[in-house]
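Visitor: Just dropping this structure here.
Laboratory data are not the source of any read-out in this text; all were calculated from the coordinates shown. These numbers come from a predicted model, not from an experiment. Heads up, the Cβs are rebuilt from the backbone with ideal geometry, glycines too, and the neighbour counts pull from every protein chain shown.
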Amino acid sequence: MDIRVVIFDFDGTLADTRKPIVTAKQETMKNAGLTVMDEETCASTIGLTAKAGFQKFYPDLPEEVLDTLVREYRRRFDELTAEMPPERFPGVDKVLVELEKRKIIRTIATARNRKSLTEFLALWGMDNTFQYILCGEDTERLKPYPDPVLKTLKELSVQPDQALVVGDMPVDMEMGKSAGVYTCGVTYGNSDRKHLQEAGADFVIDSIEELLDLL
């Protein structure tokens, strides 16, 4: 492979945000009088927007109720992450530095809103680490659709066979495969090897540092 750009997912790939995401979702469900989903079920929607996640759990809820759930979830998530700031997974910093040395472009494609993502990056002093970032509000269609990857390729003038999507969820693999790029699943996030392979992952790794051996 002649990879010129790596497109990273954020939650579950670069950042360990599982606990505050799941806790905020469960508290939001409980406070709204809804059936509270277990941890694995809540984690299964990480990678989707908050609204899409709630819609998957409660498909019959009207739009205004879903919007209220999203607002409450984000409020609680912000409180939790202020109390317990998420950390980067082991090896992330090393990999990003090495990719820079190799002149490989580092980007992010996430369903997380831009305000939240940029706050995390600023907290970690990583404001200038990624040359291009796409968030939930930047494309009309999000994962598993190819739009975030296609927009990234267009903006950076990169061919599909020069790009690699790295993510922890099947929707990341589906997004990459439908855009015609290489895909690499990570098992330390919120999914497992079996589901990542079923979603079409070209590679599956157990630590982010293994990525360097692929490139």
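Visitor: Counting only Cα atoms, I'd like the Rg/Rh figure for region 18-83, Kirkwood definition for Rh. Could you put the intermediate results ahead of the total?
Guide: Numbers: Rg = 10.7 Å, Rh = 11.6 Å.
Using Cα coordinates only, the ratio equals 0.92.
Visitor: Return a whole-number percent for the relative contact order of region 18-83, with Cα pairs under 8 Å and 6 or more residues apart as the contact set. Intermediate values should be presented prior to the final figure.
Guide: Values: 44 pairs, mean separation 27.4, N = 66.
Value for region 18-83: 42 percent.
Visitor: I'd like the orientation of helix 170-179 relative to the chain: the angle between its Cα long axis and the longest Cα principal axis, in ° from 0 to 90, rounded to 10.
Guide: Between the helix axis and the principal axis of the chain, the angle is about 50 degrees.
Visitor: From the backbone phi of region 200-215, what are the Karplus-calculated ³J(HN,Hα) couplings (6.51 cos²θ - 1.76 cosθ + 1.60, θ = phi - 60°) in whole Hz, Gly and Pro given as x?
Guide: Rounded to whole hertz, the list is x, 4, 6, 9, 9, 10, 9, 9, 5, 5, 5, 4, 5, 6, 7, 9.
Visitor: Over 19 Å between Cα atoms, which of K151/K177; K25/K51; K115/K177; K19/K151; K115/K154; K25/K194 qualify?
Guide: On the way: K151/K177 15 Å; K25/K51 11 Å; K115/K177 28 Å; K19/K151 31 Å; K115/K154 24 Å; K25/K194 26 Å.
Pairs exceeding the cut-off: K115/K177; K19/K151; K115/K154; K25/K194.
Visitor: Going by alpha carbons, how many degrees (0 to 90, nearest 10) lie between the helix axis of 114-123 and the longest principal axis of the chain?
Guide: Roughly 70 degrees, rounded to the nearest 10.
Visitor: Which of V158, V166, V65 ends up with the largest GNM mean-square fluctuation for the chain, with Cα atoms connected below 10 Å?
Guide: The residue with the greatest mean-square fluctuation here is V65.
Visitor: Over the chain, with a Gaussian network built from C-alpha contacts below 10 Å, which listed residue (T68, T183, T23) shows the highest mean-square fluctuation?
Guide: Maximum fluctuation in the GNM of the chain, among the listed residues, is at T68.
Visitor: Where in region 69-86 does the amide nitrogen come within less than 14 Å of the point 7 Å from the Cα of K19, taken along Cα to Cβ?
Guide: Counting only backbone N, you get 80-86.
Visitor: So, one more: Select one label from (i) 0.96; (ii) 0.99; (iii) 1.10: the one whose number is Rg/Rh (Cα atoms, Kirkwood Rh) as derived from the coordinates shown.
Guide: For Rg/Rh (Cα atoms, Kirkwood Rh), the calculated option is (i).
Visitor: In degrees from 0 to 90, rounded to the nearest 10, what is the angle of the helix 147-156 Cα long axis to the longest principal axis of the chain?
Guide: The angle comes out at about 40 degrees.
Visitor: Give me the distance in nm between label points sitting 7 Å out from Cα along the Cα-to-Cβ direction at V36 and K94, one decimal.
Guide: 3.9
Visitor: Taking other Cβ within 10 Å of each residue's Cβ, how do E79, E63 sort, fewest first?
Guide: Values: E79 13, E63 9.
Fewest-to-most ranking of E79, E63: E63, E79.
Visitor: Any idea how far the Cα center of region 1-54 sits from the one of region 168-208, in Å?
Guide: 16
Visitor: If amide hydrogens are placed 1.01 Å from N in the peptide plane, which non-local residues have theirs closer than 5 Å to the one on I108?
Guide: F8, Y132, I133, L134
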